[in-house]
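Presented below is the structure to which this report refers.
The values are calculated or read from the model by the stated rules, or taken from the named source; none is laboratory data. Computed from a prediction, not measured in an experiment: that's the story for all the values here. Positions of Cβ are generated from backbone atoms using ideal geometry, with glycine treated the same way; all protein chains shown enter the neighbour counts. The accessibility values were calculated without ligands, DNA or RNA, using every heavy atom of the protein model including side chains. Shrake-Rupley method; radii C 1.70, N 1.55, O 1.52, S 1.80 Å.
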Amino acid sequence: TVDATGAATLTVPLANLTLTKYAAGLAVVAGNGTGSAGPSMAATVEIKDYCVPLFGPSDVQWMGDADGRPGFVAGKIQFQRAESEKSLTHYNVYWHTAAGQGDLVGKVPADGFSRPQCEVDCHLLDINVSGTTYTFHRGAYDNEELAKIHFSGPALMTITSFRTEKYYDFLEVGDRQLSGTKLALPMNLKLPSGLHTITWSSDRSEVEEGWTFHLTQTGTTADFEVPSMQPPSMELQVTAAFEETEGAVNAYGTLKDFDASVMVPSPALVARNLSFIDENVQEKMIKGRIEFFPPSMGADAVTFYHVYFADVAGLAQWAELSWTLEAPKKASEMLQIDLDLELPSAAVSIVAVSGNAHGEGAKTQIPLRDIVRSAPANASFSGDSDPVADQVRGDLTIVPAPVPTGITSYAVYLGNGTQKDELLGQIPPSFEDISFSFHIRLEPYQRSLIIVSTYDDFEMEEGVIVNFEDLVDDSTFFLLGTRGRSLGGSEPAESPVEPWLRTPAMGWDERQLLWTEAPVASRRGRSHAQAPHIMSSLLLPLDSADKPPAPSAELRRALRSALAEVLKVSLEQTSLTQGERLRCQQATAKTAQVLGKSRLQQPDERSCLLVNFHVVPDAQKALHPKLTQDFLDRIEAKVIRWHQGSTRQLDAALKHHLESLAPGTGGAMVSEPQQMAPKERRRAGRGLAISKEDGVVLTTEEREETSEEPGYILVAVSIGAFLGALTVLFAARRGAFGAASVKRSSSSPSPTAEPDAVDPVTPADVSVQLSEGQQG
């Protein structure tokens, strides 16, 4: 807002103004004490962002003259795009003469191209460049490494060696995380157009031999068509530009005239759209048709085409695999060669050469791909370990295909008999048996698993079919959904709206599943990266075995409220992922494995409530890695104190919130917490320390919170094989205390109403002056 001073011209300085995506100009309206004039009374001016391109083009190449007349040229130039096109909108193409820059010939748009750029621990990587292929290698690596490689697609990522600690140290490519030592190599990953990031991350323990991959970009060059003409010069200039501002770096290329009366076909007269697809899926056998067209321009300068199989050096070694075809009169006529033969072991490409009376000239070639299709050899299912109706948990073991060449993944589907229905996941190939774990809800007709091989350009329909049964156990009194069934197959009795409100009698050694929430996969069964969170388990002895509290929504909310109160987080930051009820005497042995020593020293006939819970950062902290990590460390320190037995505040909060639902509840025990999700980088000096006054605190400069309970806690680094093995053993057993887990894996302002009484004064003119020293 600018005050009216009576001056003929008013000036509004604009500094560090960020333009919105669709902003095209500025509008100025007049106003007084009763309001401002409407948009129709505004004076407007177009505003243009000023930016100088940081990078420019290079290596301009003339791709050959398609016009056989002397003194005339027609064809295209090809040049390397700028290293990054973030600061430019297009390229200008000019004629270039001895006097300098000539007339503008045309423009080529930028498409957002960006060469691979590395950040963070890039000095640890060996990076080599050969043409458009970048090779990234990390040998025997160390703990807590992190590197990010940003680039644009389309691109092909080829992994040639790979050995990392399974599940914990991984390469992340898009939504795929690769880890372990059993990937089927080489592995090819096709990346589409757009910006991509490859992330390398290792955790705080266990290392391996490392990895190597090659990244080949397409779209690194741009083309510009030169129409048939008599050129004013034989040299062209290409310059990067952002709107009307050009960069300082220019690239130049020289044209060459082609005379068809005395020269072999020029590079512009190569065979067009050369292709071959192998239709024989047997290894070392090919069947199909070689197809291509004459060049779109200058085809009359070519009289024949020589087609042959070539070795790695591009040479023709097989006389029987060489053909000469007469050139057609029209550029739209296709040329074809039918094949059905055994593939020579040294043949790697198909070459087509254009020729005329003066000899053979321009040639083009394509890779010779032996297409092999091979389904998995076998598969088996461990059986359903989830007793809830229409919910299945188990492990699928896949025996790899006998010919794994070209397989990019194995796709696992839920099936209706022999028909694919829903995709559960895609698993990287391996030379050894592959294990795939899942936990899903399903429809009554989904009673089979179908495993098929997937290739770069094809997914097989045939595969391995594994039928399974949905285990239903009547001893569990909570059935997910409304389709409960009995073991005898009879129709279930009508259930209440919330079936978990039922409280059946409990046998001496029974375990009863009360609820499951987040751990169950989505309906589609797709895997996805979890948000950073703290995971732990709570064992709560109940006062009465005969009348335990019903596992209602109120009980779960009360438990969450108690956790949120003591951890000083909001209710929305807590979740209870699973609840079970079991005898405390049965729980004693289980909890002793996790706590080291159970606090239930004497036989206890009460029942216990076993709850798995998560704590996540709030929405604002989750946007900033540092705030997220500080939050997770603070919560982890607090839960460690609970795990060591300092639960006075927790017991008091549980007693308060459960007073009306479970009177007399107390004596909670908590498992050792785990931070779930890879940490970006731990800043030097951060960690858990021991303080006589504060207990477990953070050693960062900004301590967000310290414990309110004094005490001494011995903090041990839990990266040894003993604790790791113990955790895996404990998680694998269905009554174990705690949940099995994998380590880390503004509103627009409303429009102002136009006032009834306004004296609209229309500004006479408005202009914008931008300093060339500033960039927007």
- Note on the structure: Pairs returned, first residue in the stretch 333-350 that is surrounded by 12 or more Cβ atoms within 10 Å (Cβ to Cβ), second residue that is hydroxyl-bearing (Ser, Thr, Tyr), beta-carbon separation under 7 angstrom, 6 or more apart or interchain, are 335/305
- Task: Examine the stretch 351-358 for a residue that is under 39 Å from the mean Cα position of the chain (by Cα) and either open to solvent by less than 40 Å² (accessible area, probe 1.4 Å) or over 30 Å from residue 464 (Cβ atoms) (or both), and state whether such a residue exists.
- Result: yes
- Answer with yes or no whether residue 2 is part of a loop (DSSP other than H, G, I, E, B) and under 49 Å from the mean Cα position of the chain (by Cα). yes
- Message: Being assigned to a loop (DSSP other than H, G, I, E, B), over 30 Å from residue 53 (Cβ atoms) and open to solvent by 30 Å² or more (accessible area, probe 1.4 Å) is the requirement here; does residue 256 meet it?
- Response: no
- Which members of the stretch 377-396 meet the condition of being assigned to a strand (DSSP E or B) and surrounded by 20 or more Cβ atoms within 10 Å (Cβ to Cβ)? 379, 391, 392, 393, 396
- May I ask you to list the residues in the stretch 194-208 that are among the charged types (D, E, K, R) and touching a Ser or Thr at 6+ places or on another chain (Cβ under 8 Å)? 208
- Message: Being modelled with pLDDT under 85, closer than 21 Å to residue 541 by Cβ and not in a helix (DSSP H, G or I): is that true of residue 597 here?
- Response: yes
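Mind listing just one residue for me: the one in the stretch 288-298 that is in a strand (DSSP E or B) and closer than 17 Å to residue 268 by Cβ and, of those, least open to solvent (accessible area, probe 1.4 Å)? Full working, then the answer.
Looking only at the stretch 288-298, we keep the residues that are in a strand (DSSP E or B), and these are 288-293.
Keeping just the survivors that are closer than 17 Å to residue 268 by Cβ gives 292-293.
Details: 292: 0, 293: 49 Å².
Ranking the candidates gives 292 first.
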- Item | Residue selected from the stretch 664-696 under the condition at pLDDT 75 or above and open to solvent by 40 Å² or more (accessible area, probe 1.4 Å), by the criterion nearest to residue 584 (Cα to Cα) | 672
- Task: Determine whether the stretch 448-461 contains at least one residue that is within 24 Å of residue 167 (Cβ to Cβ), open to solvent by less than 50 Å² (accessible area, probe 1.4 Å) and either of a type in the set (Lys, Arg) or in a loop (DSSP other than H, G, I, E, B) (or both).
- Result: no
- Taking the stretch 318-332 as the search range and keeping residues that are among the polar types (S, T, N, Q) and surrounded by 11 or more Cβ atoms within 10 Å (Cβ to Cβ), which one is farthest from residue 268 (Cα to Cα)? 322
- Note on the structure: Taking the stretch 299-340 and keeping residues assigned to a loop (DSSP other than H, G, I, E, B), closer than 22 Å to residue 277 by Cβ and touching an Asp or Glu at 6+ places or on another chain (Cβ under 7 Å) leaves 334
- Message: From the list 170, 151, 136, 113, exactly one residue is of a type in the set (Phe, Trp, Tyr) and touching an Asp or Glu at 6+ places or on another chain (Cβ under 6 Å). Which is it?
- Response: 113
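So which residues in the stretch 262-282 are outside any loop (DSSP other than H, G, I, E, B) and under 15 Å from residue 359 (Cα atoms)?
267, 269
Within the stretch 397-412, can one find any residue that is assigned to a loop (DSSP other than H, G, I, E, B), open to solvent by 30 Å² or more (accessible area, probe 1.4 Å) and closer than 30 Å to residue 581 by Cβ?
No, that holds for no residue.
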- Scope the stretch 222-253; condition surrounded by 15 or more Cβ atoms within 10 Å (Cβ to Cβ) and in a loop (DSSP other than H, G, I, E, B); matching residues: 231, 233, 234
- Task: Quick one: residue 197 ticks every box in (1) hydroxyl-bearing (Ser, Thr, Tyr); (2) out of contact with any His (no Cβ under 9 Å at 6 or more places or on another chain); (3) surrounded by fewer than 17 Cβ atoms within 10 Å (Cβ to Cβ); (4) more than 23 Å from residue 404 (Cα to Cα) except a single one, so which number is it?
- Result: (2)
- Message: Which residue is surrounded by the most Cβ atoms within 10 Å (Cβ to Cβ), if the candidates are limited to the stretch 359-376 and must be part of a strand (DSSP E or B) and charged (D, E, K, R)?
- Response: 363
- Query: Scanning for something out of contact with any Asp or Glu (no Cβ under 7 Å at 6 or more places or on another chain) and among the charged types (D, E, K, R), does the stretch 154-164 turn up at least one residue?
  - Reply: no
- Look at the stretch 264-287 and say how many of its residues are within 30 Å of residue 72 (Cα to Cα) and either open to solvent by 70 Å² or more (accessible area, probe 1.4 Å) or among the β-branched types (Val, Ile, Thr) (or both). 5
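The rows are residues; the columns are (1) part of a loop (DSSP other than H, G, I, E, B); (2) of a type outside the set (A, V, I, L, M); (3) open to solvent by 40 Å² or more (accessible area, probe 1.4 Å).
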| residue | (1), (2), (3) |
| --- | --- |
| 167 | yes, yes, yes |
| 172 | no, yes, yes |
| 183 | yes, no, no |
| 205 | yes, yes, no |
- Task: Filter the stretch 33-44 down to the residues that are surrounded by 15 or more Cβ atoms within 10 Å (Cβ to Cβ) and not in a loop (DSSP other than H, G, I, E, B), then identify the one that is modelled with the highest pLDDT.
- Result: 43
- Item | Qualifying strands (runs of 3 or more DSSP E) (wholly inside the stretch 49-157; at least 1 residues being farther than 30 Å from residue 456 by Cα and open to solvent by 20 Å² or more (accessible area, probe 1.4 Å)) | 58-65, 73-80, 90-97, 100-109, 117-120
- Query: Of all residues in the stretch 307-317, how many are over 17 Å from residue 290 (Cα atoms) and open to solvent by 30 Å² or more (accessible area, probe 1.4 Å)?
  - Reply: 4
